[in-house]
Amino acid sequence: MKTLALLLASAASLGLASQALAADVVYAEPAAPVAMAPVMTWTGLYLGVQAGGAFNPDNGDNLAVVPNFAGAGATFLTNAFGSNFNSEFESSFIGGAHIGYDYQAGNFVIGALADINALDIAQRASGFSNTPAFYTAERSLDYLVTGRLRAGYLVTESALLYATGGFAYGEVDYGFSTNSPAVTAAFPAIARSDEDEWGYSVGGGMEVKVTQNISFGAEYLYTNLGEGNSFTRLNGGPFDGSGAAVIPGQYTDFRSQGDFDFHTVTAKLSYRFN
């Protein structure tokens, strides 16, 4: 009987101990999943706008006075103008829109883009004769289109330093004015304007992603639309020394001399579909 009593007492003790242990067990809640930050990528299509300024610190081109005759008339022409030339460049606001596509490979980004801009720049060149009279040729541009490639390196995950280059196109307007009565009356000017000009744009910039889809940047470009083929022809040889007789077959051309080139600096804002 004592043995049985001891066995029953032991079983009861074990049961109480098990209940106590069970009461002490704390079941922890499962940990919430950790949200992974999206990997920033530059691959994808983007659209945006840009605005800034267009300028040329070299004051543009000069005016070439080219007669098709020799002798006293040509000598008079040379003596009349000498080195009395003046040139100036009119700076302008520039603004427009762009579209492009980038592809990222490690820290390198390559892509292509096109943009269109409105602006109002002009190069003016004037000659002043000892008559006295002035003769001014002007080339102006009111819109510009570029198509370019670009290649860059990610200095940080969100900052891209790049170089860019490609073609440029603009419609160049040419004009001529003078206060010389001989030119405006007896020798009317015939202007030839080559409006469609193709050239190139090269430069570079930096672009920074402020979010996965928004980027902001600054860009510098040098654009050259070439010399073109615009000029004004004064028929009849008005610079023959007398300024009175119309000389058949003789004429004098006034040409803007030098390339139509300028610099632009713009700030750019883009939305990226990636």
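Values quoted throughout were computed directly from the atomic coordinates according to the rules given, and no laboratory measurement underlies them. Please read these numbers as outputs of a predicted model, since none were measured by experiment. Reconstructed Cβ throughout: ideal geometry from the backbone, glycine too, with neighbour counts over all protein chains shown.
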* Point-to-point label distance, residue 101-residue 161, nm (Cα→Cβ direction, 7 Å offset) -> 2.9 nm
* Distance (nanometres) between label positions extended 7 Å along Cα→Cβ at residue 265 and residue 108 -> 3.1 nm
* Work out how much length residue 198 to residue 88 would gain on full extension: take 0.36 nm times their residue separation and subtract the Cα-Cα distance, in nm to one decimal. => 37.4 nm
* To do: Show me 144-151, 74-81 ranked by packing, highest mean number of other Cβ atoms within 10 Å first.
  => 144-151, 74-81
* Compactness of the range 79-131 - radius of gyration and Dmax, Cα, Å -> 21.9, 68
